[in-house]
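The values are calculated or read from the model by the stated rules, or taken from the named source; none is laboratory data. What you see is a predicted model; the values in this text were computed from it and never measured. With ideal geometry, Cβ positions are generated from the backbone for all residues, glycine too; neighbour counts draw on all protein chains shown. When the accessible area is computed, the model is the full protein with side chains, heavy atoms only, and any ligands, DNA or RNA have been set aside. Shrake-Rupley method; radii C 1.70, N 1.55, O 1.52, S 1.80 Å.
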Amino acid sequence: MNDSDIQIAIKDIIAQIAPDEDLSQLDPAVRLREQIELDSMDFLDIVMELRKLYGVQVPEADYKELATLDGCVNYLRPKLAGKTLHCAARV
Amino acid sequence: MRYDALVIGAGLSGLAAGIRLGMYGKQALLLERHALWGGLNSFYRLRGRRHDVGLHALTNATSARTGVLSRVLRQLRIPREALQLGPQLRSVIRFSDLEVWFSNDPALLESELAAAFPARRDALATLSAEIANWVPEARPMPFASARAELLRRLGDERLVDVLLLPTCYYGSPLENDIDWTQFRILYQSLFLEGIARPRGGIRTLLTALKTRLEACGTELRTNCGVERILLDGARAVGVRLDDGSELFADHVLSSAGLDETLALCGRKPEPDPARRDLSFLESIHALDCTPAALGLDAAVAFYCLADRLCYAQNEAPTEPRCGVLSCPGNYADQEPEAAVLVRQTVIANPQRWRELVARGDEEYRAAKLEHSARAAAAAASLFPDWRAHTLDLDVFTPRTIEHYTGHVNGRVYGSPDKRQDGDIGFEGLRLIGTDQGYLGIVGAMMSGIGIVNRHVLAAAAESAP
């Protein structure tokens with residue numbers, strides 16, 4: 001598992017939540033909410049999907065860490081260590 | 001077994017709540033007293049025809065991603081295509097001496113209002129911009145009169161009546177007024193985001209919801225009424241069913257309504273004695289042609305024959321001077337069966353209908369036909385007269401609504417007392433649906449989603465997986 005796998009796994013989750021968004025042009029350093037239409041309900045779903053798919057727990061105080069794709073990768077790297085990721089977006 | 005959540009009522013709020021619970025692995029059970037789901041927006045078959053209850057149009061129809069319906073569908077993972085939405089052609093607000101057309105292009109309403117009230121053109125543009133930019137407060141807001149707020153901004157009673165007529169009919173439990181927050185939500189929902197009808201009517205939406213509910217693993221039990229909510233002190237811990245069996249859960253979500261839910265908890269509601277509950281008499285006419293062929297080409301026509309708005313009870317069983325005509329055929333791409341229907345809705349007085357029911361079946365049936373005929377005759381003074389074309393007529397009353405929904409007095413828009421946070425004073429119990437203050441079909445779904453997100457899933461997200 002490398003950082004690009006984690007990024008793909010995150011995009012997979014976003015694609016499921018917001019299937020009508022184009023995720024191919026996302027800048028990983030820019031806040032997701034500035035690039036695509038994600039409201040707080042969608043954001044809760046990202047957290048819930050991480051929990052459901054990978055058993056990862058994100059306390060509310062840490063939500064800010066998930067603001068960008070780069071932030072997601074950095075925050076989730078230790079939490080996802082050793083887990084099998086679902087990376088449909090790669091195929 | 002112990003459930004994570006029990007949901008009372010499989011209307012639109014309950015179905016949406018059930019999907020969200022199931023999506024994230026919560027053991028949830030929907031309990032519905034009737035044989036069918038849908039609640040205030042259900043369906044039935046009569047003399048070979050398929051009818052909808054409740055659905056006139058789906059609001060917030062815009063396909064923009066920020067639209068409320070778009071957000072609801074995203075949360076439920078239901079593809080928009082599943083609803084087969086046909087946008088309205090156009091609709092009208094009509095008084096005896098003026099008509100204002102609107103469509104899903106907000107510019108039409110703006111130009112029609114400016115043409116009818118040229119002196120208020122600037123004030124109207126300011127109001128429209130104010131509402132377009134307004135975002136509902138997250139915290140519960142106290143009641144404010146939309147009539148007073150609009151009058152202050154527009155300075156014209158007549159114009160205020162024109163704006164209140166459709167919004168009151170779309171969701172006000174109050175006479176001749178609506179809460180200012182709800183007015184703005186409805187203005188956005190009806191006029192800015194537009195209306196559409198699913199091809200196939202409410203069944204199409206309910207089928208999409210039920211299919212999704214099943215895919216999420218949430219169980220729906222029909223013919224399964226809740227007799228009471230079980231309490232442990234000030235905490236709701238489960239329900240007792242009509243058959244005497246008991247079910248236990250961490251959360252109980254009730255779409256039964258505020259007073260009805262308090263009654264399930266054994267509390268006597270204390271209604272305001274000055275309050276007069278509003279309900280409706282609804283007549284569904286199946287014609288031998290489309291209403292458009294007769295010149296009735298509005299998707300929805302909100303009308304008032306009196307000089308001033310009379311969205312209010314009158315001493316008689318119905319108030320025939322003011323109402324709504326709804327023509328499913330005047331939306332794009334609708335099924336031929338629906339294209340010949342005209343639905344007429346007028347205000348009804350629940351007390352008078354209770355008295356009529358008490359006088360026996362024959363009198364009650366006769367009264368239904370008499371008041372339906374009065375409403376149709378009244379509308380014929382403003383619209384093309386469809387009465388000679390009616391092949392089949394079904395009429396329902398406050399009594400019918402109360403019977404099938406359990407809402408006291410057949411209150412379609414619930415209690416005037418709204419609880420935006422769903423809190424009615426018991427731990428583990430939240431209201432969803434009409435009395436949580438959301439409006440219409442889309443609002444009902446959003447209410448179920450919002451309460452589950454905030455009170456069940458957010459807490460789950462915090463806890464260890």
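Near B:E227, once Lys and Arg are set to +1 and Asp and Glu to -1 for all other residues with Cβ below 12 Å from its Cβ, the sum equals 0. Ellipsoid semi-axes for region B:100-241, based on the Cα gyration tensor and the rule √(5λ), read 39, 22, 13 Å when sorted largest first. If both residues of a DSSP beta bridge must be in region B:1-103, then about 65% of such bridges are antiparallel. Comparing B:Y170, B:A234, B:C289 along the charge dipole axis of the protein assembly as shown, the residue lying farthest to the positive side is B:A234, per the Cβ-charge model. In region A:13-60, the residues whose accessible area drops by at least 50 square angstrom when the other protein chains are added to the isolated chain are A:D20, A:E37, A:M41, A:L44, A:D45, A:M48, A:R51, A:Q57; the probe is 1.4 Å and only protein heavy atoms count. From its DSSP helices (H runs of at least four residues, each -39,500 (n - 2.57)), chain B gives a residue-normalised ellipticity at 222 nm of -10000 deg cm²/dmol.
Computed from label points 7 Å out along Cα-Cβ, the spacing between B:R50 and B:A129 is 4.7 nm. Here the mean projected area of the convex hull built on the C-alpha positions of region B:373-459 is 8.4 nm². Remark: chain B carries 38 Å² of accessible area per residue (probe radius 1.4 Å; ligands, DNA and RNA excluded). As a ratio to 2.2 N^0.38 Å, the alpha-carbon radius of gyration for region B:277-408 is 1.05. Taking the Cβ of B:R240 as the center, what net charge do the other residues with Cβ under 10 Å away carry, scoring Lys and Arg +1 and Asp and Glu -1? Summing Lys and Arg as +1 and Asp and Glu as -1 gives -3. Please identify which residues in region B:380-418 have an amide N closer than 17 Å to a label point set 7 Å out from the Cα of B:E99, following the Cα→Cβ vector. Output list for this probe position: B:380-387. A crude spin-label estimate for the pair B:E363 and A:K83, with each label 7 Å from Cα along the Cβ direction, gives 6.9 nm. Taking both sides together, the accessible area buried where A meets B is about 1900 Å² for a 1.4 Å probe.
Other residues lying with their Cβ under 9 Å from the Cβ of B:V100 contribute a combined charge of -1, Lys and Arg counting +1, Asp and Glu -1. The ratio of the alpha-carbon radius of gyration of region B:99-159 to the globular-protein estimate 2.2 N^0.38 Å is 1.24.
Non-local lysine pairs in the protein assembly as shown, meaning eight or more places apart or on different chains, with alpha-carbon distances under 21 Å, amount to 11. In chain A, the calculated helix contribution to ellipticity at 222 nm averages -15500 deg cm²/dmol per residue, counting -39,500 (n - 2.57) for every DSSP H run with n ≥ 4. Amide H to amide H, with H built 1.01 Å from N, B:G38 comes under 5 Å of B:A10, B:G11, counting only residues 5 or more places away or on other chains. The accessible area of B:L369, taken with all protein chains in place and a 1.4 Å probe, comes to roughly 100 Å².
Rolling a 1.4 Å probe over the heavy atoms of the protein chains gives region A:3-90 an accessible area of 47 Å² per residue. Largest first, the extents of the alpha carbon coordinates of chain B on the three principal axes equal 62, 53, 45 Å. With an a/c value of 1.5 or above and a/b larger than b/c for the gyration tensor axes a ≥ b ≥ c computed over the alpha-carbon atoms, region B:228-316 is described as prolate. Inter-label distance, A:V30 to A:S4: 2.2 nm, where each label sits 7 Å from its Cα along the C-beta direction. Taking every DSSP bridge with both residues inside chain B, close to 70 percent are antiparallel. The distance from the alpha carbon centre of region B:402-450 to that of region B:332-393 is 27 Å, rounded to a whole number. Per residue, the convex hull spanned by the Cα atoms of the protein assembly as shown amounts to 162 cubic angstrom. For region B:73-102, heavy-atom accessible area (probe 1.4 Å) falls by no less than 50 Å² from the chain alone to the full protein assembly at B:R74, B:Q75, B:R77. Pair-distance distribution P(r) for region A:3-90, from all Cα-Cα distances in 5 Å bins starting at 0: 3, 14, 29, 30, 18, 5, 0 percent. Could you please state how large a percent of the accessible area of chain B is carbon and sulfur, counting protein chains only and using a 1.4 Å probe? About 51 percent, which is the carbon plus sulfur part of the accessible surface. Shielding by partners for peptide B:64-71, expressed as the average number of C-beta atoms from other protein chains within 10 Å of each residue's C-beta, is 2.
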